[in-house]
Amino acid sequence: AAQQNIILNDLSARLVFPYAIISIVLIGLGLLIRFSKLPDIDDENANKSLSTRGDKENLFKHTHLVLGAIAIFCGVAVEVLAIDTIINYAQYTGLSFREAKYFATYTLLIMIISYCIGIFTIPKIMSQRKALIASATLGIMLAILTVLIKGPVSVWFIALLGLGNALLWPSIWPLALEGLGKSTSKGSALLIMGVVGGAVSPLLYGIMSDASNPQFAYWIFIPFYLFILYFAMSGYKAGKNVTL
């Protein structure tokens, strides 16, 4: 026990310097934003030409916005779940911790690649809606392969979810806010609440994993991706007359 405490104290001490650097960088960014001259958001004229329905006071009357908030919930849920569970799942398939610990990094690197692809293709080559359809479809396919295929190869299907997951947020967000007019800022506040999905999905996965096994529990991905696909196919235009 004494030796363990010494090792833990040593590991904790190593965190001081990097966290100090992170704190300094964040403070610097905060000051930079504070003293930057940013233009005011004109909610009165935002998207006014696309829809006059932004004049409604009750946000929940914007059906596509509510569905968008749920889609954000689902998007963050699958994104967090893929990263948070992949190491334990890799060990479940028989990989050692030394091998498994890198898969979370692989998932994040794949997401970065997807972000870069999105920068150069959306919306110049592919619209947000088409990107969302592609991402949800890819997610469903990879989730099914993860559950059906045994062994360490299935871990790579979880890592590859990063390709689609990276584009969920930037695709859902503009579709959900389309045509809100002066309610755009309030609509954004509603959407941001969807990030709670990242706290809920690991708990649900844990319950399913305990009741069955870590691989079978990945069926939880399917309803999340199906809702995202629904939003991309028709939910984004519910309650409004906008053609994208």
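Given the pairs K61/K186; K61/K130; K124/K186; K130/K186, which span a C-alpha to C-alpha distance of over 19 angstrom in this model? It would help to have the intermediate numbers written out before the result.
Values: K61/K186 13 Å; K61/K130 25 Å; K124/K186 28 Å; K130/K186 26 Å.
In this structure, K61/K130; K124/K186; K130/K186 lie more than 19 Å apart at Cα.
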query = Normalised by the residues of the chain, what does the relative contact order come to in percent, with Cα pairs under 8 Å and at least six apart?
reply = 36
ask   = Using the membrane-span-like helix rule (whole DSSP H runs, Cα extent along the own axis of at least 24 Å, mean Kyte-Doolittle hydropathy at least -1.0), which helices of the chain qualify?
value = 2-34, 63-92, 103-121, 128-148
key: Residue-averaged 222 nm ellipticity for the chain, from DSSP H runs of 4+ at -39500 (n - 2.57), nearest 500   = -23000 deg cm²/dmol
Per residue solvent-accessible surface (Å²) - the chain, probe of 1.4 Å = 57
query = How big is D for the range 139-214, in µm² s⁻¹ as a whole number, if Stokes-Einstein is applied with the Kirkwood radius of its Cα pairs at 37 °C and 0.692 mPa s?
reply = 219
ask   = Got a sec? Charge dipole of the range 97-244, +1 on Cβ for Lys and Arg, -1 for Asp and Glu; which of S188, G139, L161 is way out at the positive end?
value = S188
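Let's see if you can work this out: charge +1 on each Lys and Arg Cβ, -1 on each Asp and Glu Cβ, no other charges. What is the dipole magnitude of the chain about its Cα centre, in debye to the nearest 20?
Value, rounded to 20: 440 debye.
Within the chain, what's the longest run with no GluC sites (Glu not before Pro) in a DSSP loop and at most 11 other beta-carbon atoms within 10 Å? Give the range, please.
Answer - 58-244.
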remark   = With 0.36 nm assigned to each residue of separation and the Cα-Cα distance removed, L59 to I24 gains 8.8 nm
key: Matching label, P(r) over Cα pairs in 10 Å bins from 0, in percent computed from the structure shown, candidates (1) 7, 25, 29, 24, 12, 3, 1; (2) 7, 32, 36, 19, 5, 1; (3) 7, 28, 31, 17, 11, 5, 0   = (1)
request  = Compute the FRET efficiency between A211 and I149 as 1/(1 + (r/R0)^6), taking r as their Cβ-Cβ distance and R0 = 30 Å, and round to the nearest 0.05.
outcome  = 0.90
L32 accessible area, 1.4 Å probe, all protein chains in place, Å² to nearest 10 = 110
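Over the range 135-244, what is the relative contact order in whole percent, taking alpha-carbon pairs under 8 Å and six or more residues apart? Walk me through the numbers on the way to the answer.
On the way: 69 pairs, mean separation 40.7, N = 110.
Value for the range 135-244: 37 percent.
Please sort 200-207, 23-30, 63-70 by packing, taking for each peptide the average over its residues of neighbouring beta carbons within 10 angstrom, highest first.
My ranking of the peptides, most packed first, is 63-70, 200-207, 23-30.
The values are calculated or read from the model by the stated rules, or taken from the named source; none is laboratory data. No experiment lies behind these values; they were computed from the predicted model shown. Cβ atoms come from the backbone with ideal geometry, glycine included; neighbour counts cover every protein chain shown. These accessible areas exclude ligands, DNA and RNA; they are computed on the full protein's heavy atoms, side chains included. Shrake-Rupley method; radii C 1.70, N 1.55, O 1.52, S 1.80 Å.
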